[in-house]
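Student: Here it is: the structure, laid out below.
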Amino acid sequence: MKLLFASLAVFGYMLTGSLASADNLNGTQVTLTGDLPTLGTAFTNSVTKTIGTGVEFPSGTLVSTAGGIAVIGVNIDVGASSIDFSYTQSAQALSATFNGYVFDFAGATITGASLDSSSDYTPQQIRVGFGPHEVDVNAEGVFFTAGSHALVDLNAVVSPVTPPSATPEPQSYAMLLTGLAALGWFVRRRRSHI
């Protein structure tokens, strides 16, 4: 009977083991852009990186492409399930309908984004929005202090870049066949002793 359960466990693993999906953003690509739509376009360059154990966009990564508008100094760390902002200078963001950062995630569907309560700012000051593959962090009009911090919590469903193979590994077949052969031998032996 134990062999039956072992064989079923191996078979269950073969069916479901490769179908498990990630619930974090590791392995996806993120593109960061500073955006101020009042200008009619993004006001910074865009930078794309692949998320591993965390991706850092240090202060100075984004460079203003609009004359007379500066990027507020901030270190941005995009992790498996959050975006962490650590401000390196004191400055006020321009007032506009939107003045902030746009994060585009390739290979992920964003299902939730919100400002964490540990942040030095309130959800009324830093407004967080999201779409299927995007997170928007709007800080228009906010005065930032050097050393202050904001944390955005993320929920996402990550789509594998390449679909998992439905074909089990040869070792899995060998284990399954060994278990089934042992089960057959056990049943046959038991019948011969009855």
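Student: In nm, give the distance between the simple-model label positions of N26 and S90, each being 7 Å from the Cα along the Cα-to-Cβ direction.
Tutor: 4.0
Student: Hey, another quick one. Which ³J(HN,Hα) values, rounded to whole Hz and listed in residue order, are derived for the range 24-33 from phi using the Karplus coefficients 6.51, -1.76 and 1.60 in 6.51 cos²θ - 1.76 cosθ + 1.60 with θ = phi - 60°, glycine and proline given as x?
Tutor: 10, 8, 4, x, 8, 9, 10, 10, 10, 9
Student: Further, regarding this structure: For the range 29-158, divide the Cα radius of gyration by the Kirkwood radius and give the resulting Rg/Rh value with two decimals.
Tutor: Rg/Rh for the range 29-158 comes to 0.92.
FYI, it's all coordinate maths here, none of it is from the lab. Being a predicted model, the structure only gives us computed values, none of them experimental. Here the Cβ is made from the backbone with ideal geometry for all residues, glycine too, and neighbour counts use every protein chain on show.
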